[in-house]
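Here's the structure we're looking at; comments come further down.
The values are calculated or read from the model by the stated rules, or taken from the named source; none is laboratory data. Not measured: the values here are computed from a predicted model. Every residue, glycine among them, receives a Cβ derived from its backbone with ideal geometry; neighbour counts consider all protein chains shown. Accessible surface areas use protein heavy atoms only, side chains included; no ligands, DNA or RNA. Shrake-Rupley method; radii C 1.70, N 1.55, O 1.52, S 1.80 Å.
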Amino acid sequence: MTATQDPRSTTNRPFDPAASAAAATDAILRDTLHGTRRGVVVDSPPGAGKSTLVVRAARELAAAGRPLMVVAQTNAQVDDLVLRLAGKDPELPVGRLHSSEPGAFDPVLAELPAVRTSAKIADLAGMDVVVSTAAKWAYTKVDEPWRHAIVDEAYQMRSDALLSVAGLFERALFVGDPGQLDPFSVVGAEQWAGLAYDPSSSAVSTLLAHNPDLPQHRLPVSWRLPASAAPLVSAAFYPYTPFRSGTGHGDRRLAFGVPGDGSGVDRVLDEAAESGWGLLELPARHTPRTDPEAVRAVAQVVRRLLDRGGAATSESPASAGGTADPVPLTSGRIAVGTAHRDQAAAVRTALAGLGVTGVAVDTANRLQGREFDVTVVLHPLSGRPDATAFHLETGRLCVLASRHRHACIVVCRAGVADLLDEHPSTEPVRLGVTIKFPDGWEANHSVLAHLNEHRVVWRP
Amino acid sequence: MSYERALRKPHGNGSAAPKPDRRQRRIRDWAPRMSVPDARLPQVNVSRDSRPASAAPPGAPPMPTPSLRVGAPPSVSWGRLTELRGPGVRPRSLDARALAALAANPGCRRRALLDGAGIDKGALAQALGSPAAYGQSQFAIVRGNAFEARVKGDGGTELLRLLHERLAPGTPPPEPETVATPDLSAAGPEGRAARTALALREATAAGGWALLDHPMLAVEVAGSPAYVEPDAVVVHPDGSWTVVEIKSFPMIDGSADAAKVGAAARQAAVYVLALEPVAGHVGAHTGRAVQVRDRVLLVCPKDFSNLPTAAAVDVRKQLATTRRQLARLTRVEEIAATLPAETTFDLRLTDDGTATRPPEELAKAVETVDAAYAPECLAACELAFHCRKRSRQDGAVEALGRGVRGELGGLGTIEEVLAAAGPEGASGLGAADPDDPAVVALRRAAALRAEALAGTAVPPQRTKEAGCR
Amino acid sequence: MSLIETLARIEAAAAGRARPRCTVRHRHLSERPLVFVPLTTAGEAGAPLGALVGTDREKPALLAVPQPRDRDLRFAFLAELAETVLPYVDGFADAIEWEERKETDPETGKKVPVQVELCADAPQLIVPSAAGIEYVRLLGRSMRFRRTAEQEPEAPFPAPPHVPLLGRWLTHFGERARVPGAGLLLSMTGLLTRHWASGQSVLEDQHLGALLAWIDPPPGLSGREAAERAESARDAAGQLLCPPAGPATDPAFDNRLLAPAMARYDAGLPGAEDELRTLVEGQLRPTWDAVWQGIDLLRALPVGARVADRWKRDRWSYTAHRDRVRAGEPPQPKQDDAVTAAQKLSARESAQAQLDAQEALDDPLVMAGRRLAGEAFQGTVTDVEMAMSEGRRPMPRPLVTLRTADHPHLAEGAKLYRPLADGRTQPGEFVAHAAEEPGVLVVRLTGGMGRGKTPEPGSVPEPADVVCWTLFEHAPRGGPELPDPEDIPWTHGGPPPAPGDPPHAAPDPVTAEDFL
């Protein structure tokens, strides 16, 4: 399948990920600091150093004497950016604009010397960088627009949210991951489908529809995804904008201190340690969302990951030279991803029943932007009698399949391939709407085909 | 998809065979009568391998074998499918609309078998006593024809102008007098398909604009050719080809009914697929890079007039869908092999077209292959009313909608669901597993519903007789 | 479809009769609605065939176009429609109330209270089905750009002044109908499916006759039998006993009855026009009666407590459009600009959130669905422990322990809302599940207890009280302010062309030839 093909296999020069990424970053910063256009768009695949780029661009703009505003989508993202900025440059004056609700920001920020927090923009006057959510910025009024802005997670921002903040800045760097979950609306927005400024579309689609010749860049290297995962994720979810892993095969290693007991769960762990992927396939059956067997299987996989003394060895940082030491695979380095909240709740209960704590269990929406050593995924289509647009959404599967640094183990009932084949395709077509690739159907099939090569059939 | 449309009754008595006159062709693609690999019909002797050669006009190189290898493997016994139709019954060829509709319910084995074997589902439904409810108003037909004539009038000047504007802006516009409009008339669909292939080759080699009005194309479906007829195909000077779909629903202020555009896009995808092998061949022959564009031109009336306007429609997704649905039709023989040996769907028609086979017997035959009925079928399959009746009799929950199954897990019938929703241990079936989350949730739902309704239920009162009773 | 709704449908299928989805009526029903049942000509976007319209169920006005391909006759139909509908719509314009509203003073820039007019009641149009609503929009679009003789004395085919005016009103109703819970323009299938679950699918519910058959079957027939009959039973001449609710006609009617009658009309035969009118009326009348039957069924339901609140928003909407018309503003443009589109989307999202909350608060059956979905929980108070907030001015923050059989999706610190008997909402937050005791949880009340150091009497629940908390807000607020249209930023294409510039307000061209 195409997933394993190297998008650049035609070139003979060895691929230098660091150089390639640095060249991309330099070009982005050049356009941002010295370009003449009002906008610069950067596509960043999973783990390609988007946050690093945002922090660097913000610091360089500030250093050039050009104060800026930063727009992120959630309070957690804002807090994370502020922490990263302070971590890189503890002296940099950073303002954290927040809502007036109690607990609106991470209390840790209050302890950072150069960071000032306030619910009023006037209190943050003179700060080099002011960071807030799009929702808060939308209620903010300024006399003079900022000369610069950075809009983070721009593909998850809705066009109407950009409309309400775009008046605050003159020019902006838009950064985001086009492969993750699209923004949505709970009410119909079909009447605007095909309009360049369709308020329910993503901020980037509107921006590019109106400004098609803005410079567009792409971060070419995923530092998170291992060599085993990047080709699949790139081919399945980014067919027209391929990327590479920053590490080679063998640079990362996952090993267990305790040998497997021959059970299906242990065999899938061994397969995942070996190949980076594992599919634990349960017998075909139609089940409700919180399929007890599948939920138990997910919990057992996590339990055994911990019990078998997993250890993850990563590539050494380029500066250090030698091989890094193995790091024990603790619960904080593991995540469980599901499609629905009730599934996440059921997994949490099952994990508690097995005495496991500290593992992040959440839906794809909430795992966006996060990173773990090993992820265990309950396949969105497992046990379903029908596939729906929600379950087929490309971004959902992409998020679930791209959170890991070492291995991803998918728990799924047999029969999903048939379910996909039998899915009716009678989608309406709206004139003027650019179709999004890849199609969820295709992406699901290619991921499934790849997982099938790492399948362990198990009857609990 | 309009449900009311699905409930319309055909005009005439429903089973009348379509006449291949020009008016009908606009509405449904040509259904060939004598172009099928059926050993019992002496006048055709078309095997998969000889068909392309025999289809080409003398002197012309053979038409390419479609790269799209759909249909049963060569080992298939066609006799079995013939038996299913009944002796002497010609298979019904699938038109582009029917091919596009395969994607509507790809999980239905009954539909796959009946379509794959070329059985007339409309006549079958009629004979079963649950006739389909399709039909077309003559006003719509007249309007459609008038509109198409207007679009293509004047040597296609307006059509080419729209196409150039939407699909090739920035290139020199076509000069009306230089647009070639080759004559495509020939005897029979094979002859017309061969004539079309030749015209495409010549037009492509000439390197100018050409408008092919109602070309004929062949698609291989489950091993036999189906002939499909797009409204038009345009050859560009750069050697690329565009499929043109002319529809009579309006584009108002640049937007149109999304369900109808979707159906048009799926239909256009069939034409693109059918053109691809021809393009490969023409490319090889002319040495030009021939490309069938995956953006088709949809021409519709503008606003409230019948002046034409157009939009480019990207059909890449529909192409992928149609490709895999056609490929899956290979299952037909597999399904046929599972049927009891004596199964046949023969209606035993008399000379005047009356079915003499007892409906119960037919129903039994139909039951030998599973259907995957869902309410969406009502607008997409002639047999839907029959399948709905059976589905309702069986108490299948899918009769209430595809989405209903989502939270019911393994519970597939109304009886099972009600048993599960009943109080613990009180159900007659006693089969509900108290640990099944679906059962737990249903019990909770039933209890919450009962609690909320207690004392507040307002049963609807009968009102006066309504007019349609 | 939610599980509780699936269950209702399954119960209905088993019982052969629709089951309630609500215990109260969630939509305002006017005392004098205008029922509008249109028919259109097959294959034509802009050619109405006829309509029954009116407020008196016994005396609908019949409008028919004997030859839809004749532009004069089509225009005459629209003029007649305007003459029939506009007096009804205008009839609500002058009975007003005064409301106080905060407006920005243009001189000081401060918000100051002003007295504004609010129409005491508003028109309500009811059409048979969703396709009817779409048709109202289509009519609005086709009429509002028509030019009158006054506007363009030279232009051929001038429209009577009230034709573009009705077009603007119909456009307004059509847009308002996209707002969740709004009631200026409603479809009967939409109203009925909101309140009853039939034993068939959502798709089949679009057939008004079949849907009514499930809800109110004639004696001796089950809902299913009656519905199947309504869908497909035909008379000896092959005509449906229950014609489609339109605006599309049945092809068998077109081909066997309408086409020959039109041919006779075209040939100028005497009595042909009357015959056509009778035919069209025969197709419309059953649907007309069905709509009124639906109105009767809905009127039998008690109205929800917050329905009047939503209807007031419809009255505001009506009043605002009345003002725009009176101010001589141009018709609504063909496409919304970026700001208008964003404003509408935002308004509809808040309306949806508000509708969802209000329906749940008004109706225990709707709340049951939210409880099942983990978005609300109800239970019995087992303990109340007084506690105070920290800070300079400690306030009461009592901890309420509750036993519930519901399974809410609660994260620590989750905000909770409790409806109080007086209609207000009391905020709270989730504290914890009781250890070792499933179904018991603790909620901290964070407000709604007055300003004193001790809670106001009755503001804190007591042991044995049955209380219900929701995870959703009861009066969700709308989105942020958006820029003025002339300040549309560069990301969204910059300011739109000034009004009057093409292509925004260009009327549809009137051609010498009738291109239909």
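In table form, for the structure just shown:
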quantity	calculated
Chain A: DSSP helices with Cα axial extent of at least 15 Å and average Kyte-Doolittle hydropathy no lower than -0.5	A:17-34, A:50-63, A:75-88, A:264-275, A:292-307, A:341-353, A:440-452
Sum of -39500 (n - 2.57) over DSSP H runs of 4+, divided by residues of chain A (222 nm, nearest 500)	-9500 deg cm²/dmol
Model label zone, C:D309; criterion: amide N under 12 Å from point 7 Å along Cα-to-beta-carbon; scope the stretch C:457-479	C:473-477
Relative frequency of Cα-Cα separations exceeding 18 Å in the stretch C:180-330, percent	68 percent
C:A233-B:R316 FRET efficiency (beta carbon distance; Förster radius 41 Å; 0.05 resolution)	0.40
Inter-label distance, nm, simple model (7 Å from Cα along the C-beta direction), B:D351/B:D238	6.1 nm
Where a label projected 7 Å from the Cα of C:T278 along Cα→Cβ would reach, residues of the stretch C:67-83 with amide N under 19 Å	C:67
Cβ-based charge dipole, the stretch C:62-219, positive-most Cα from C:P158, C:T193, C:P113	C:T193
Placed amide H near A:V221: partners under 5 Å, 5+ positions off or other chain	A:R244
Per residue, in Å², the accessible surface of the stretch C:3-332 once ligands and nucleic acids are set aside, probe 1.4 Å	37 Å²
Where GluC sites (Glu not before Pro) in DSSP loops with at most 13 other Cβ within 10 Å are excluded, longest remaining stretch of chain A	A:92-452
The stretch C:342-360 residues near the modelled C:F472 label - backbone nitrogen below 18 Å, point 7 Å along Cα→Cβ	C:346-360
Global geometry of chain A, whether rounded, prolate or oblate, following the gyration tensor of its Cα atoms and the 1.5 cut on a/c	prolate
Cα-centred dipole magnitude for chain A, charges only on beta-carbon of K, R (+1) and D, E (-1), debye, nearest 20	420 debye
Accessible surface, 1.4 Å probe, highest first, among residues C:R322, A:R348	A:R348, C:R322
For B:L347, net neighbour charge (Lys/Arg +1, Asp/Glu -1) across residues whose Cβ lies under 9 Å away	0
Gain upon complete extension [A:A324, A:N452; 0.36 nm per residue less C-alpha separation]	42.9 nm
Area of A:H217 that stays accessible when all protein chains are in place (1.4 Å probe, Å², to 10)	40 Å²
The protein assembly as shown - charge dipole about Cα centre, Lys and Arg +1 at Cβ, Asp and Glu -1, debye rounded to 20	1380 debye
Inter-probe distance in nm under a simple model that places probes 7 Å from Cα toward Cβ, at C:D465 and A:S275	6.0 nm
Rounded to whole Hz, the Karplus (6.51, -1.76, 1.60) HN-Hα couplings of the stretch C:313-328, x for glycine and proline	5, 5, 5, 4, 4, 5, 4, 5, 6, 3, 5, 5, 5, 5, 6, x
Residues C:R299 and C:D94, FRET efficiency given R0 of 30 Å [Cβ-Cβ distance, rounded to 0.05]	0.65
Heavy-atom accessible area per residue - chain A, 1.4 Å, Å²	40 Å²
Cα centre as origin, Lys/Arg/Asp/Glu Cβ charges: the stretch B:138-319 dipole, Debye	300 debye
With all protein chains modelled, accessible area of C:V179 [1.4 Å, Å²]	30 Å²
Solvent-accessible area, 1.4 Å probe, carbon plus sulfur percent, for the stretch A:18-222	52 percent
Reduction of at least 20 Å² in accessible surface, 1.4 Å probe, comparing all protein chains with the chain by itself, residues of the stretch C:278-298	C:P286, C:D289, C:Q293, C:D296, C:L297
Simple label model, 7 Å out from Cα along Cβ direction - A:K88 to B:N145, nm	7.1 nm
Across chain C: Cys residues that no other cysteine approaches within a C-beta distance under 4.7 Å	C:C22, C:C119, C:C468
Cα gyration tensor, the protein assembly as shown - rounded (a/c under 1.5), prolate or oblate	rounded
Prolate/oblate/rounded call for the stretch A:378-422, Cα gyration tensor, a/c under 1.5 rounded	oblate
Reachable aspartates and glutamates, given that their alpha-carbon falls under 12 Å from the alpha-carbon of B:K317 and they are not under 8 places away in the same chain	A:E427, A:D439, A:E442, B:D294
Furthest towards positive pole of dipole, A:A346, A:Y197, A:S118, structure part chain A, Cβ charges	A:S118
Among the listed pairs C:K334/C:K415; A:K436/C:K334; A:K120/A:K436; B:K260/B:K389; A:K436/B:K389; A:K88/A:K436, those beyond 31 Å (Cα-Cα)	C:K334/C:K415; A:K120/A:K436; A:K436/B:K389; A:K88/A:K436
Part-to-part distance (alpha-carbon centres) for the stretch C:1-75 and the stretch C:130-182, which is given in Å	19 Å
Candidate residues A:Y197, C:Y135: accessible-area rank, largest first, probe 1.4 Å	A:Y197, C:Y135
Positive-end residue of A:S446, C:P180, C:L441, charge dipole of the protein assembly as shown with Cβ unit charges	A:S446
Share, in percent, of DSSP beta bridges within the protein assembly as shown that are antiparallel, nearest 5	55 percent
Value at 222 nm in deg cm²/dmol, rounded to 500, when DSSP H runs of n ≥ 4 in chain C each add -39,500 (n - 2.57)	-11500 deg cm²/dmol
Listed residues A:W277, C:W490, C:W316 arranged by accessible area, highest first, probe 1.4 Å	C:W316, C:W490, A:W277
Accessible area buried, both sides summed, chains B and C with 1.4 Å probe, Å²	6500 Å²
Protein heavy-atom accessible area occluded, A/C pair - total, 1.4 Å probe, Å²	2600 Å²
